[in-house]
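The values are calculated or read from the model by the stated rules, or taken from the named source; none is laboratory data. Every value quoted in this text rests on a predicted model; they were computed, and no experiment measured them.
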Amino acid sequence: MEEMSKELSKMTAKGDEEKAQYAEIQAQTSTDFAALQAKVDETSKAGTELTEQLGAVRVRVEAGFEVLLQRVEVDRWVREHVVCNTFLQMLDKRLDRLETRGSAAGSG
């Protein structure tokens, strides 16, 4: 009986040691998990900030590109006198209409 008691004591002591080791491993795992979670949160925050900055840069680039295209188009129109020519064509058409009306009124 005494032998069984000693063996039971040894097993209990061994079980207590293993329990302490598991508790230590669990504590370390919890600490590691918390550290990893903090890194993930930090990375996620940095990624969100980077995405916002990238969006702002994209908007600026697109706006700049549109302005550049408008400038090129305006420059082409000025070089080719498109605005002036269009205005003169409209003026010629109006004068033709007025002359047609004037001649119709004079003959009628």
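Residues checked against (1) at pLDDT 85 or above; (2) under 36 Å from the mean Cα position of the chain (by Cα); (3) on the phi > 0 side of the Ramachandran plot:
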site: 5; (1), (2), (3): no, no, no
site: 13; (1), (2), (3): no, no, no
site: 21; (1), (2), (3): yes, no, no
site: 31; (1), (2), (3): yes, yes, no
site: 44; (1), (2), (3): yes, yes, no
site: 49; (1), (2), (3): yes, yes, no
site: 52; (1), (2), (3): yes, yes, no
site: 57; (1), (2), (3): yes, yes, no
site: 61; (1), (2), (3): yes, yes, no
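For residue 95, the conditions (1) within 55 Å of the chain's Cα centre (by Cα); (2) modelled with pLDDT of 85 or more are fulfilled apart from (1).
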